[in-house]
Every structure is written in structure tokens, then in C-alpha cells.
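The values are calculated or read from the model by the stated rules, or taken from the named source; none is laboratory data. The model shown is predicted, which means the values in this text are computed figures rather than measured ones. So basically every Cβ, Gly included, is an ideal-geometry build from the backbone, and we count neighbours across all protein chains shown. Each accessible area value is taken on the protein alone, full model and side chains, heavy atoms only, with ligands, DNA and RNA left out. Shrake-Rupley method; radii C 1.70, N 1.55, O 1.52, S 1.80 Å.
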Amino acid sequence: MADQALLSNDAVLVGAADPLPQDALTPAREAARERVETLGLPGRRDEYWRFTRPDAFLAPDAPAVPLPEGDGILFAEVDRLKLVFVDGRFDASASDALELDGVEIAPLSEAPWAASLYGSLEGRAHIPVPRPFAALNTAAAVEGLAIHVTGKVSRPIHILHRSSDGTADALWHHVIRVEPGAEATILETGIAGARQNAVIEADIAEGGRLHMIAAKRAGVPELSLGHLFARVAEGGTLKSFELALDGRVMRRETVVEMAGDDAVVHVAGASYGRDKGFHHDDTIFISHAGLRGESRQVFKKVLQGGATGVFQGKILVKPGAQKTDGYQISQALLLDDGSQFLAKPELEIHADDVKCSHGSTTGALDETALFYLRSRGVPRPRAVVLMVLSFLAAALEEIEDEALRTQVADRLDEALTEGLNDGGAA
Amino acid sequence: MLKVENLHVKLEDEDKEILKGLTLEVPAGEVHAIMGPNGSGKSTLSYVLAGRDGYEVTQGSATLDGRDILEMDPEVRAAEGLFLAFQYPVEIPGVGNMTFLRTALNAQLKARGQAELSSGDFLKLVREKAKALAIDADMLRRGVNVGFSGGEKKRNEILQMAVLEPRMCILDETDSGLDVDAMRLVADGVNALRSPDRAFLVITHYQRLLDHIVPDVVHILSNGRIVRSGGPELALEVEESGYGEMVEGS
């Protein structure tokens with residue numbers, strides 16, 4: 001573990017307000033602060049940080065980055081509720097009015113109910129491995145949304161990040177409660193500052209459904225830590241997908257408790273890195289506690305130019321979680337010799353009547369398929385893009401809404417066409 | 001149309017020569033069949049003509065209407081009008097059949113300096129061609145060859161051929177894995193494309209495909225060379241007495 005003295009260094013509480021407000025979340029912040037003291041900060045020798053160095057997140061200051069241009073085009077045409085964050089801070093004036101049928105949305109500080117969820121799922125997620133950056137977030141976050149889904153929400157909620165300061169540390173923490181039978185889709189795009197530490201806690205009640213689609217094209221050397229902590233009750237569904245294009249060191253930790261029977265959890269991601277600085281880490285922990293739970297992890301990474309992809313995924317089947325159907329696949333497509341994929345798939349099963357499968361592969365482009373496309377007249381650069389899209393397709397399939405899936409696919413197509421054609425690998 | 005002269009080919013990373021001085025000419029409007037035992041070099045010939053990596057031409061030439069194709073990329077050969085129907089069509093999940101076919105057709109049109117097809121016109125064209133091959137809308141919606149039976153894959157090859165309208169069509173063991181009904185559909189598809197401006201090179205193990213696609217000339221390929229050529233009756237001879245005698249005579 002790193003030096004405990006770092007805890008008193010302001011730099012570690014990146015993005016924290018000074019002083020922190022005294023409000024309904026204060027007890028949860030203080031409890032989280034104590035967790036951080038107990039857990040300590042990650043060091044390079046921690047097994048859990050073996051593939052991704054925590055240094056970038058422990059440094060007092062983030063390296064300055066250029067500001068991204070514009071909001072990007074993704075989801076711009078979708079009929080959605082737009083909520084804007086600038087450097088991780090909610091900007092009400094740039095956002096749509098917080099009014100949408102089937103959901104109550106408020107800044108974290110203005111939703112009294114948030115205190116009952118804030119820090120609770122994060123606080124339970126440090127076994128078997130500590131996740132101190134998430135506890136740090138809980139200890140210091142002021143910004144974020146409290147999203148209370150009470151019915152079927154007709155339009156997606158789009159959280160759009162913008163940057164105004166290329167040296168900013170952005171820190172936010174959303175809490176989401178989905179009531180029984182309610183359903184919502186949350187989209188998240190854009191870049192916040194130079195370094196991010198984000199936490200989302202989602203509590204999905206009986207039969208509730210939550211879809212989360214995050215997509216970003218960093219375009220700047222972004223450092224980001226993202227955490228999703230979710231609990232899914234009986235018959236509930238969580239589907240999450242993340243697209244990551246470019247960027248620097250990015251780690252996404254997803255911890256899901258399938259607490260009730262017949263829960264469904266699909267987490268998926270597609271990423272494309274095209275240079276040596278790109279390092280994308282998906283760290284997943286899904287625990288089955290109920291009967292007949294179905295979980296899927298589908299992660300695909302396309303790496304070129306010395307990029308690194310990491311996958312640490314675990315399925316835990318607790319005693320009594322019979323008829324569990326667990327699936328995990330992580331695959332990398334290496335477009336050249338210099339790139340690498342580091343994978344650590346794990347299964348831990350304490351019930352005897354379950355179906356669990358996992359696989360991890362690393363491969364190159366299929367030359368036969370490439371030849372097939374070219375023999376029909378498709379020029380090589382386009383054929384390579386089609387092959388890469390084919391490789392990523394299974395991850396995109398996890399986006400349930402076809403219109404949204406098509407938009408993500410189109411965006412990906414553009415990025416690949418641009419990246420592969422000037423990247424040299426094709 | 002297609003002229004192959006004294007073609008010598010070996011695998012790039014092995015010294016073993018596979019084609020050893022193959023000479024062949026297929027004039028426009030004709031259908032030529034190539035028959036031969038396993039390992040005689042049939043598939044190598046089709047791959048080398050279509051431009052697959054991994055082969056090295058050490059001697060000889062191959063031209064399409066007088067233009068050397070061996071130096072061209074596969075996509076350039078396609079735009080020049082060469083088409084290879086694969087023995088094992090490749091599955092490409094996540095890339096729709098229609099997307100693939102439209103990308104291919106428009107890329108070829110563009111390469112030839114012709115106007116690309118609108119999606120409406122393209123759809124109309126494909127539907128019409130697909131109907132004749134009993135390829136339904138569901139198959140067209142799926143990923144390229146994904147979940148297709150062996151027969152469906154071969155029909156899909158012929159559909160691509162019908163849409164792309166190549167001048168020189170090479171069919172590599174298109175009959176393998178086909179039942180009688182599927183073979184008839186495939187053969188009808190090919191016969192419908194026969195025209196004075198188009199030539200076919202049909203590579204097959206067995207004579208039965210040639211009952212449906214009647215060739216003008218049959219060539220016997222053995223040990224990397226054409227050892228005999230003749231009319232359709234040559235295929236019957238193979239069917240009756242096998243390759244043994246002909247090969248020995250070479």
C-alpha cells in the first residue's frame with residue numbers, strides 16, 4: 001500500500017470542494033473517509049492493480065490537456081433530456097429543465113432521499129478487493145445527480161460532459177434508484193477536465209430495468225476512473241455498455257450484486273486504442289446470490305500502435321444461487337505486434353447446479369475473411385474497418401435499443417475509418 | 001478473355017511448387033471446366049487468379065483481356081471484372097449481407113468511374129436477383145453467411161456474382177456440399193448469367209455439376225499442369241474410369 005500520508009494531501013481528494021459542505025450526505029462522506037484510511041491507497045505491488053498503474057491517479061496534479069472541440073455528435077439527434085456537466089459540475093443553465101415523466105432528477109445536494117443510497121453500495125464493494133478510489137470519491141463528492149425512476153421513462157436521460165479547464169480534476173457521484181417495474185435509459189458522453197473519478201450507484205428494485213450507454217471519444221489524453229456499483233433485485237435488469245475511443249489511462253470498475261432471483265445483468269464494452277499511451281482496463285465483479293440469475297460480460301478491445309487493453313472479470317456464484325447462467329467473454333484484436341492485451345478471467349462457484357462459461361482470446365485480423373471482402377471489390381482499408389466492426393459486433397449487440405445501437409455503430413465506424421486509415425496498421 | 005501462360009506457383013513460405021507451368025485460355029462466351037484429383041492445384045489456381053496472399057508466382061503470366069492481373073490487388077481484379085465463388089464462403093458476423101454487397105458493388109462502380117447505386121435502386125436489384133435464387137429477405141438481413149447452411153452459402157455466392165456482374169467468373173468447387181435441389185438452383189443461377197461477353201471457369205471434382213452447367217471445354221489438371229483438354233465427354237470419361245489413366249499418361 002502507498003504511503004498513508006497521501007490521505008492528508010489535498011491532491012488525492014481530486015476535485016473535492018474545499019471545505020466540504022455540511023449536509024445530509026456528510027455522515028456518508030465521513031464513513032467513506034474512514035474506509036479510505038482503513039483500506040489505504042493502491043500501490044504498484046497490489047495484485048488488483050497489477051495491469052494498470054495507479055500512479056496517474058495518485059499524482060498531485062493531472063497533466064494539462066487540450067480542451068476537446070464541441071460536444072461530439074453522438075446522440076445529438078436523439079429525443080432526450082440533456083443534462084450538462086462542465087468539468088464534472090452540473091450546469092443547470094446549459095441543461096434541459098429537470099422534468100420528465102416517470103423520473104425525478106435533482107442535483108445530489110437537493111435530494112434528501114439520496115443519503116439512503118449514497119455510499120451504501122460502494123461501501124459494500126471492498127470485499128474481496130478494496131476499491132479505495134471509489135471510497136475517496138464518496139468521501140469527497142459534492143457534484144452528481146440523484147435520479148429516482150418511478151415509471152417507464154419515455155426519453156433517455158443524456159448526461160453530457162464538457163471541459164472548460166484542461167487541468168481540472170473532475171469528481172462526481174450519481175445515485176440512481178429504479179422502483180419496481182420502472183425503466184430508464186441513461187446515456188453519457190463527453191469529456192470532463194484532465195482527470196476524472198466518477199461513481200454511479202444504482203439500486204434496481206423488483207422488475208426494474210436500467211440501461212446505461214456510455215460512449216466517448218477522448219481525443220485528449222484523458223485519465224479516468226469510472227465505477228459502477230449496482231444491486232439488482234428479483235426480476236430486475238441492468239444492461240450497461242461502454243464505448244471508449246482513444247484516451248490515456250482509463251479504468252472502469254463494475255461491481256454488481258444480483259441480490260434477487262431471476263435477475264438479468266449484461267455488461268459490455270468496446271474500445272479502440274491506436275497509440276502507445278492508450279490503456280483501457282475493464283474490471284468487473286458480478287456476484288450471483290439469487291436463483292436463475294443470468295449474467296453476461298462481453299468485452300472487446302481493438303488495439304494498435306502499442307495500445308494496451310486489460311480485462312479483469314469475475315463471476316462469483318454464492319451458495320444457493322442455483323440455476324445461475326453466467327457468461328463471460330473478453331477478446332482483443334491486435335492490429336500490430338506492439339499492442340498487448342492482459343486478461344484475468346475468474347470464476348468462483350459455490351453452487352452445484354449452475355452453467356458458467358468464460359473465454360478470453362487474443363488474435364489478429366482473419367486474413368481469409370479480409371481476402372473474401374477484397375475479392376468482392378471492397379478496398380483493403382474499408383475491408384479492415386468492416387472486419388473490426390465484425391469483431392466488435394457482439395459487444396454492441398448488448399445495446400438493446402436498436403436506434404441507439406445503430407448510432408453507436410455509426411460513430412464507431414467513423415472513428416475506425418479515420419483511425420485505421422491514418423494509423424498505418426491497415 | 002482469361003489467358004494463363006506457363007504459370008508456376010509456389011507457397012510463399014515453402015519451396016514446394018504447386019502449379020508447374022499451367023497454360024489455359026478461356027475465351028469470352030465460353031464455359032471451361034477444370035477437373036482433377038485432390039492436390040492437383042485446382043484451388044491454388046483459383047486463389048492465385050483472385051489474388052490471395054501467401055502464393056508466389058515464380059514464372060509465367062495471367063491476363064484478363066490482355067491486362068496483367070497478377071500484380072493487381074484483389075479488389076482491383078474484382079473491379080476489372082474477375083470473380084471467385086469460394087469453396088468455403090466466409091462468415092462475417094456483424095456485417096450485414098446487404099451492407100457488404102452494397103459496399104462491394106459501389107466500390108467496383110467507383111473504381112470503374114461509374115455512378116454508384118442509390119440504396120433504393122440497390123435494394124430493387126438485390127431483391128430481384130435473390131428471388132431467382134430462392135434467397136429470402138431474412139437471409140439478406142443476417143450477417144454475411146452467418147447461420148447459412150452449406151447450400152445457402154453457395155447460393156449467396158451466386159447472388160453476389162449476379163449482382164456484381166463480373167466478366168470472368170471462377171467457381172471453386174461450388175458443387176461441394178450441395179444436395180441435388182441446391183445444385184440445380186446454383187446451376188440455374190450460373191446458366192442465367194451465361195452470355196457472349198462473359199466467361200466461366202468451373203473447378204470441380206465431380207462430373208455431376210457439369211450435367212447442369214454444360215461446359216464448352218473440359219481440362220484435366222494433374223500435378224500442377226493441364227494434362228488433357230476436350231469436350232464435355234471428357235468429364236464422362238473421368239466419371240467412368242477415374243483420373244488414374246489420364247494422369248499416368250501425362
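Below, the figures for the structure above:
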| quantity | calculated |
| --- | --- |
| Among A:S339, A:S357, A:S295, residue whose mean-square fluctuation peaks in a GNM of chain A (springs only between Cα atoms under 10 Å) | A:S357 |
| Solvent exposure, largest accessible area first (probe 1.4 Å, DNA, RNA and ligands not counted), of A:K82, A:K314, A:K152 | A:K152, A:K82, A:K314 |
| Chain A: relative contact order as a whole-number percent, Cα under 8 Å and 6+ apart | 11 percent |
| Solvent exposure, largest accessible area first (probe 1.4 Å, DNA, RNA and ligands not counted), of A:E183, A:E402, B:E91 | A:E402, B:E91, A:E183 |
| Probe 1.4 Å, all protein chains present, accessible-area order of B:D138, A:D79, A:D203, largest first | A:D79, B:D138, A:D203 |
| Considering only the protein assembly as shown, percent of DSSP beta bridges that pair antiparallel, nearest 5 | 20 percent |
| Span-rule helices in chain A, defined as complete DSSP H runs reaching 18 Å or more along the axis (Cα) with Kyte mean at least 1.0 | A:380-396 |
| Residues of type lysines that B:K110 reaches as a straight line, Cα spacing below 30 Å, ignoring anything fewer than 8 places off in the same chain | B:K3, B:K124, B:K129, B:K131, B:K153, B:K154 |
| Percentage relative contact order, the stretch B:86-198, counting C-alpha pairs under 8 Å, at least six apart | 36 percent |
| Residue-normalised accessible area of the protein assembly as shown, expressed per residue, 1.4 Å probe, Å² | 39 Å² |
| For the stretch B:80-95, residues shielded by at least 50 square angstrom of accessible area compared with the chain on its own, probe 1.4 Å | B:F86, B:V90, B:I92, B:V95 |
| Long-range amide H partners of B:T23 with built H, under 5 Å | B:N6, B:L7, B:I226 |
| Rounded to the nearest 10 Å², the accessible area of B:R155 at probe 1.4 Å | 30 Å² |
| Relative contact order [Cα under 8 Å, 6+ residues apart], chain B, whole percent | 28 percent |
| Accessible area buried, both sides summed, chains B and A with 1.4 Å probe, Å² | 1900 Å² |
| Percent accessible area from carbon and sulfur atoms, the protein assembly as shown, protein chains only, probe 1.4 Å | 48 percent |
| Proximal aspartates and glutamates to A:K314, defined as alpha-carbon separation beneath 13 angstrom and excluding residues fewer than eight positions away on the same chain | A:E253, A:E257, A:D282, A:E346, A:E348 |
| Highest-fluctuation residue, A:D282, A:D96, A:D261 considered, GNM on chain A with Cα pairs under 10 Å | A:D96 |
| Karplus (6.51, -1.76, 1.60) ³J(HN,Hα), θ = phi - 60°, over the stretch B:232-245, in Hz, Gly and Pro reported as x | x, 5, 5, 5, 5, 4, 4, 4, 7, 10, x, 7, x, 4 |
| Förster radius 56 Å - calculated FRET efficiency between B:D197 and B:D13 (Cβ-Cβ, nearest 0.05) | 0.90 |
| Amide H contacts under 5 Å for A:D336, placed H, 5+ residues apart | A:G305 |
